[in-house]
Amino acid sequence: MDDEVPASPTVSTVSTSSEHGPVTAIPLLDLSSIPPIYLLSAHFQDEETREVENTLRRYGAPYTTDVSKAKVFIGRVGTKRRAEFELRSRKLKVEEVQEAKRGHSPIKQDAPPAKRTKVSGTLQKPIAVDDEGSTTEDEVQVGADSETEDEDVDQLPTSKRGTSVTSPPKVRQKSAVLVPVFENQTSADIVWVIKLDWFDASVSAHRLLPLGDHLVYKCKVLERPASTKPKSRSIKESFSSSKMAASQTTLATRPETAKDILERAKSDISGMATQSTYHTKRPGHGSRRFEGRTFAPSTIDAGKLVSSRAHLLQKTTSEYEGEDSDLPLPPDWVIKGVKYSCQRFTPGNGPNEDFIGLLKKIRTARTLIDDEIGVRAYSTIIAAIAAYPYRLTHPREIARLPGCDEKTSMLFVEWKNTGKIQAVDNYEEDEAMKVLRLFYDIWGVGPKTARHFYYQNHWTDLDDIIEFGWNDLDRVQQIGLKYYEEFLDGIPRPEVEHIASVVRDHAVRIRDNRITVTVVGGYRRGKTASGDADMIVSHPDLEATANLVKDMVDVLEEAEWITHTLTLSLHNTHRGQHTLPFRTTKASGAGFDTLDKALVVWQDPSWPTRAEDLARDPNTKNPNIHRRVDIIIAPWRTVGCAVMGWSGGTTFQRDLRRYAKKTKEWKFDSSGIRSRATGEVIQLEGPEGVTGTPEEAERKVFEGLGLEYVPPEMRCTY
């Protein structure tokens, strides 16, 4: 769905979905601390190579195709001789490093970094990993092996030093931080050749595992080939390039100085009545780069500050002098304190859209500064106000809504009294925010990558990325940049319907007429224009949906409807189209990666003068706009869960998972439902699915969850 991030977003991602809800997903596994990784693709199929690349990117790995930059080589390599051959074939001259036995154990991530470690006569600070991801507790299940003891084996070096540790909420990692082990403190160029099995095992364990026997070869580089990164090129030359490379790098946090602290202390004393600042970076509360900005979080006692400011503002506004009896009677869900948005109706165009629009901008600011706690809080606030059926007139109306607090009331009073919110004005005028928003709008670029582009690479516009970083983008990001403006142009409802009809026609051609195509995402919620076209494809026979997505992509590419296939996943087919296990052995991303799917770039292959234009110039390009289309395949017995999981706004989907966990002790995702107590599949749609339509199957899921059916157009939680 368009609110979701395809293993983007942050993510994405969509709901992302990512059925990921408003919370930016934090994978427990963070590969951002590892030096640049190069994939040795020998013995790989094309599809396998793409899947490994996507997985590396998902976990923040600095993936590169430039051998001159690579430090870690991963592949199906079993012997030193083979490793030497792979490096030599890439024009690397190396000599093996003989390891001296070490008698110390690796530093653990949760150990306090109070002492320095002496390495070959030089003091070196332990390196901490800055985890910039986030997730809800529902989205990640940590296996028992995450509690095992760390082994004293060779480890990879981290690429960041002196950054702060950010731990996911409610999840404590006990995996070892990978500390660099060098014989001396010289600038020796060391590389590691590692078995792909180590990466797979780390993904399964949700943490970086010791290398152990997975380390095939460690060597010193004597000579590297010249960099494959090109010199400056024009936009036209960049977009005509056929090479696709990938790289994902990380953001280092600026250390705080004593001067910073003193300056902020003075500001706290003198500026209490004007704006909020905060003292230190707390886990999940955003980058220090934006401290002091009105759109950033604060450690000041928000309750007292907001209460006093709101009180003063109310005294100057006569319309707030009435009693509570003047306010409309709150709806039942407010009186009962219903906190889950999946238990109430939320229309798309409520009476408070103008105020909600300002709150959404603050939430975007919190997303861009890496404040996942703030993002989650503002998403809850926005969903509650969106469901409120009356035009807000008094701050007390807001204070009684679930998830809202005095700070929200203060923002409302500020807006009513001045016609604006200072935090929003500052966000829109801030030069750094303008650049980050520009980069964040590139399909395939999340907030972490946007910050890296700006702060580490010092890029300020799209031309900078094309000229200086084209070969360091992965394929998704290159396509997102190439069609930047086209992807920002919403898809009208008639066009979404036309795309769905084409998809169904081709699916019927390769299967039979019982194929169903259900358009979900923003279209189903009633949006006049969607960011992308999402559709659930199913068939009553289980055998018919196995490998269906691959067959569909093949025929649609042949017919020239699909110009680029960016993700092709067969996860569900490979596990027999069963509901995702509750205690999964594979990191799967909260349901988004649990179904077979294809994320593609779509373009209508016909245009009025095509034959005439091609006859005049065979190289004439199709003038039709490119669109983003997600094709998801669901087996019939759980198609209702899939339709439900891809139809709500991000907060609706997040609350649906939370509700299922809290009230039923079930694990819900788009592949089905399992009991958290026993791990058994809960077959709300019946063993073979419903006799009817996917929409009727969805109603059965609502009924089985004990929820009142909420029409799709009433799930607009943003």
*Within the stretch 661-697, work out how many residues are loosely packed, with under 14 Cβ neighbours inside 10 Å, among the polar types (S, T, N, Q) and outside any loop (DSSP other than H, G, I, E, B).*
1
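Residues are listed down the side, and each one gets a yes or a no for (1) out of contact with any Cys (no Cβ under 7 Å at 6 or more places or on another chain); (2) at pLDDT 95 or above:
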residue	(1), (2)
Gly640	yes, yes
Thr651	yes, yes
Leu656	no, yes
Gly672	no, no
Thr678	yes, no
Arg699	yes, yes
*What do you reckon, is Ile442 within 18 Å of the chain's Cα centre (by Cα) and under 25 Å from Arg525 (Cα atoms)?*
yes
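Take the stretch 398-421 and flag every residue that is out of contact with any Pro (no Cβ under 8 Å at 6 or more places or on another chain) and assigned to a helix (DSSP H, G or I). Let's see the steps before the verdict.
Kept after step one, since they are out of contact with any Pro (no Cβ under 8 Å at 6 or more places or on another chain), are these residues of the stretch 398-421: 398-399, 401-408, 411, 414-421.
Of everything in the stretch 398-421, those that are out of contact with any Pro (no Cβ under 8 Å at 6 or more places or on another chain) and assigned to a helix (DSSP H, G or I) turn out to be Ile398, Ala399, Glu406, Lys407, Thr408, Leu411, Glu414, Trp415, Lys416, Asn417, Thr418.
Please tell me if Thr64 is farther than 26 Å from Ala377 by Cβ, buried (at least 24 other Cβ atoms within 10 Å of the Cβ) and modelled with pLDDT of 80 or more.
Details: farther than 26 Å from Ala377 by Cβ: yes; buried (at least 24 other Cβ atoms within 10 Å of the Cβ): yes; modelled with pLDDT of 80 or more: yes.
Criteria met by Thr64.
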_So Glu708, is it within 28 Å of Arg514 (Cα to Cα), at pLDDT 95 or above, of a type in the set (D, E, K, R) and assigned by TED's automatic domain parsing to the domain that holds Lys597_ = no
*Residues in the stretch 20-61 that are at pLDDT 85 or above and either more than 17 Å from Leu196 (Cα to Cα) or assigned to a strand (DSSP E or B) (or both): how many?*
4
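Quick grid of which residues meet (1) at pLDDT 90 or above; (2) among the polar types (S, T, N, Q); (3) in contact with a strand residue (DSSP E or B) (Cβ under 7 Å, 6 or more places away or on another chain):
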{"position": "Gly284", "(1), (2), (3)": "no, no, no"}
{"position": "Ile335", "(1), (2), (3)": "yes, no, no"}
{"position": "Gln343", "(1), (2), (3)": "yes, yes, no"}
{"position": "Phe355", "(1), (2), (3)": "yes, no, no"}
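Give the stretch 635-652 a look and list any residue that's part of a loop (DSSP other than H, G, I, E, B) and within 22 Å of the chain's Cα centre (by Cα), or say none. Before the answer, list the steps.
To start, the set of residues in the stretch 635-652 that are part of a loop (DSSP other than H, G, I, E, B) comprises 635, 646-649.
Matches in the stretch 635-652: Trp646, Ser647, Gly648, Gly649.
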*Count, please, the residues in the stretch 607-619 that happen to be exposed (fewer than 10 other Cβ atoms within 10 Å of the Cβ) and not in a helix (DSSP H, G or I).*
4
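Any chance the stretch 363-376 includes a residue that's among the hydroxyl-bearing types (Ser, Thr, Tyr) and over 24 Å from Trp333 (Cα atoms)?
Checked against the condition, which is being among the hydroxyl-bearing types (Ser, Thr, Tyr) and over 24 Å from Trp333 (Cα atoms), the stretch 363-376 yields at least one hit.
Each row is one residue, and each column tells you yes or no for (1) in the same structural domain as Ala423 (by TED's automatic domain parsing); (2) of a type in the set (Lys, Arg); (3) over 19 Å from Leu656 (Cβ atoms).
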| position | (1), (2), (3) |
| --- | --- |
| Gly348 | yes, no, no |
| Phe355 | yes, no, yes |
| Lys360 | yes, yes, yes |
| Arg363 | yes, yes, yes |
| Ile369 | yes, no, yes |
| Ser379 | yes, no, no |
| Ile382 | yes, no, no |
| Ala386 | yes, no, no |
| Pro389 | yes, no, yes |
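Collect the residues in the stretch 375-419 that are of a type in the set (Val, Ile, Thr) and surrounded by fewer than 18 Cβ atoms within 10 Å (Cβ to Cβ), keeping them in residue-number order. Steps first, answer last, please.
Here is the first cut: in the stretch 375-419, the residues of a type in the set (Val, Ile, Thr) are 375, 380-382, 385, 393, 398, 408, 413, 418.
The answer is Thr393, Thr418.
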*For the stretch 474-488, which residues satisfy the criterion of being modelled with pLDDT of 95 or more, buried (at least 22 other Cβ atoms within 10 Å of the Cβ) and touching a Leu at 6+ places or on another chain (Cβ under 8 Å)?*
Ile479, Leu481
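The values are calculated or read from the model by the stated rules, or taken from the named source; none is laboratory data. Quick caveat: nothing in here was measured; it's all calculated off a predicted structure. All Cβ positions, even for glycine, are placed from backbone atoms using ideal geometry, and neighbour counts span all protein chains on display.
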